[in-house]
Amino acid sequence: MVRVGLVDTDTSHSVEFTKRLNHIGVHEDQWVDGAKVVAAWAAPSTIIPEERHREYNRILREELGIRFVDSLEELRKLVDAVMVLSQDGSVHLERAKPFLEAGMPVFVDKPFACSLYDALSIAEIAAKHNAPLFSSSSLRYSLEVQRVHEQESEWGKVIGADAFSPAPTHPRNPGLFHYGIHGVETLFALMGKGCRRVRCIYGEDGEVVVGEWEDGRIGTMRGIRKGAHAYGFTVVCKKQVWATTIDIRYIYRELLKRIVEMFQTHKQPIDISETLQIVAFIEGAWKSAEQNGVPFDLPVF
C-alpha cells in the first residue's frame, strides 16, 4: 500500500481524493485501491476564504483521520508519494521541489504551474532526480474522452475538436490557468500534443482560444464565464462527429486510477512534454488576449 501525503488542502480535491483512496464516505464504485492518504501539510490559502479552508482541514482530521504535520520535511519522512493540491499554481514549484529532489513520485494538481518558466523548472528537477511526475485535470480521464479513444478503430482518428468548460479567473492563476484549464486539458486529451500556434478572442463573459496543430488540424476551447456551468466537447473524427457534455461523477475516480498506478510503477501516465505544451498554450492564449487576438507561436518540446 502506497502511503500518500497531501501538500496543501485548500481545494475540495483534498477531501474528495482522500475519500476515494481511503474508502471512506463515498460509494464503493468510487473507491480506488492501492494507496492511502496518511498525512498532510497545509499553508494558508491565497485563493479561498479561511473558513472554507478550515472546514476542509476539519473534515480531513476529524472525519477521515488524516495526520497534519508542521513541515514538508516531516511529511517527506512519513510517505512514499505526494499529491500537491495547492489551488495557487504559482507555489507548485516550491511545494514539489523537496519531494522531487528526493526522487519521490509527485502528482501536481491543476494548474501544473502558472508560467512556462516554472513548469520547465519542475520538469527539469524531476528529470535530474529520476522522480516520476504527473499533472492533469480530472477531465482528461472522463468516460466520454475515453470513449473517443476506445472507438478509434470504428470512428477513425481525430481531425479536430472543440471543447468547453467554465473559466472563472483569479489573479493568482491568470487567464485559463485558474479553471479554464479543464477545457484545455480536454482539448489536448482529444487532439494530442503538437499545437504550434494560438490566438484568443477574449471577453468578460468568456473567451475562445483557437489552436493550430503542426499537422494542420485545428482545435478550439471555449471558456465560459456567463451562462450554464458545464463541460463538454464536439469531436470530428474521420468517420464520425460526436457532441457530448461530460458526466463529472466519475472523473476523480478515473484520475486517481492513473495517479495510483504511477505511484506504484513509477511510470508517468502521459509524457511531461504534453503538460508543458498545455502550460505554453494557456500562457500564449493569455498573451494573445492582452494583444487583442494576435497569434502566438508556441515552443516545441
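The values are calculated or read from the model by the stated rules, or taken from the named source; none is laboratory data. Bear in mind the structure is a predicted one, so any value in this text is a computation, not a measurement. Backbone-built Cβ (ideal geometry, glycine too); neighbour counts: all protein chains shown.
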Review point. Does region 206-219 contain at least one residue that is acidic (Asp, Glu), farther than 28 Å from Lys19 by Cα, in the same structural domain as Arg147 (by TED's automatic domain parsing) and buried (at least 21 other Cβ atoms within 10 Å of the Cβ)?
Key: yes
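Name the residues in region 76-108 that are aliphatic (A, V, I, L, M), under 16 Å from Ala40 (Cα atoms) and out of contact with any Ser or Thr (no Cβ under 7 Å at 6 or more places or on another chain), would you? Reasoning before the result, please.
Looking only at region 76-108, we keep the residues that are aliphatic (A, V, I, L, M), and these are 78-79, 81-85, 91, 93, 96, 100, 102, 104, 106, 108.
Now restrict to residues that are under 16 Å from Ala40 (Cα atoms): 78-79, 81-85, 96, 104, 106, 108.
Selection gives Leu78, Val79, Ala81, Val82, Met83, Val84, Ala96, Met104, Val106.
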**Study point:** region 276-301, subset touching a Gly at 6+ places or on another chain (Cβ under 6 Å) and over 17 Å from Ala167 (Cβ atoms), residue surrounded by the fewest Cβ atoms within 10 Å (Cβ to Cβ)
**Key:** Phe296
Practice item. State which residue pairs qualify: first residue under 12 Å from Asp8 (Cβ atoms) and inside region 48-69, second residue part of a helix (DSSP H, G or I) in any location, beta carbons under 6 Å apart, and separation of 6 or more residues or different chains. Key: Tyr56/Ser14; Tyr56/Val15
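Could you say which residue among Ala228, Ala189 is at pLDDT below 95, among the aliphatic types (A, V, I, L, M), assigned by TED's automatic domain parsing to the domain that holds Pro168 and out of contact with any Pro (no Cβ under 8 Å at 6 or more places or on another chain)?
Working: Ala189 fails: at pLDDT below 95.
Answer to the check: Ala228.
Please verify whether region 252-273 includes one or more residues that are over 18 Å from Phe134 (Cβ atoms) and either touching a Ser or Thr at 6+ places or on another chain (Cβ under 7 Å) or not aliphatic (A, V, I, L, M) (or both). Walk me through it before giving the result.
Pass one, region 252-273, residues over 18 Å from Phe134 (Cβ atoms): none.
No - not one qualifying residue is present in region 252-273.
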**Study point:** For Glu144: the one exception among (1) among the charged types (D, E, K, R); (2) in a helix (DSSP H, G or I); (3) in the same structural domain as Thr46 (by TED's automatic domain parsing)
**Key:** (3)
